[in-house]
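Colleague: One structure, as structure tokens, below. Some questions next.
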Amino acid sequence: MMGPVKAALESVVRYAAAELGDKGIRVNALSPGPLATRAASGIDHFDEMLSEAAQRAPTHQLATVEDVGAMAAFLASPAARNITGGVHEIDGGYSITV
């Protein structure tokens with residue numbers, strides 16, 4: 001079920017960026033991939049899944065909530081003033097291996 005939901009999110013980001021760009025509003029989405037959170041800890045064998053994903057990622061590490069926050073802060077900053085309409089992977093490159 002996550003495939004169609006992710007596709008819908010990506011589409012909404014593109015359409016919203018196109019619609020709101022002339023108002024100076026930038027629209028982006030962040031995609032951290034597997035992320036160790038309190039909610040995820042309830043998933044059976046989640047630690048094993050995280051370990052396997054980290055091994056597959058080119059950097060051999062996955063994103064942390066701090067990494068996601070840093071990317072969000074960057075996108076909200078003036079340095080990202082011309083970045084809009086994207087879904088930004090923050091996953092140590094894991095997404096290029098699947």
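Colleague: I'm trying to understand the selection: among the residues of the stretch 57-69, which are surrounded by fewer than 12 Cβ atoms within 10 Å (Cβ to Cβ), touching a residue at least 24 places away in the same chain (Cβ under 8 Å) and assigned to a helix (DSSP H, G or I)?
Modeller: Within the stretch 57-69, just Val65 meets the criteria.
Colleague: Out of the stretch 1-56, which residues are part of a helix (DSSP H, G or I), within 16 Å of Tyr94 (Cα to Cα) and polar (S, T, N, Q)?
Modeller: Answer for the stretch 1-56, where residues must be part of a helix (DSSP H, G or I), within 16 Å of Tyr94 (Cα to Cα) and polar (S, T, N, Q): Ser51, Gln55.
Colleague: Let me ask something else. Every residue in the stretch 70-98 that is part of a helix (DSSP H, G or I), loosely packed, with under 12 Cβ neighbours inside 10 Å and modelled with pLDDT of 95 or more, please. Working first, answer last.
Modeller: First pass over the stretch 70-98, keeping only residues part of a helix (DSSP H, G or I): 70-76, 78-80, 94-96.
When the remaining residues are screened for being loosely packed, with under 12 Cβ neighbours inside 10 Å, the result is 73, 76, 78-79, 96.
Within the stretch 70-98, Ala73, Ala76, Pro78, Ala79 qualify.
Colleague: Okay, next question. If you go through the stretch 18-30 one residue at a time, do you hit one that is closer than 18 Å to Val98 by Cβ, in contact with a Phe, Trp or Tyr (Cβ under 8 Å, 6 or more places away or on another chain) and in contact (Cβ under 8 Å) with a residue 12 or more places away in the chain?
Modeller: No, the stretch 18-30 has no match at all.
The values are calculated or read from the model by the stated rules, or taken from the named source; none is laboratory data. In this text, all values refer to a predicted model and were calculated from it rather than measured experimentally. All Cβ positions, glycine included, derive from the backbone under ideal geometry; neighbour counts span all protein chains shown.
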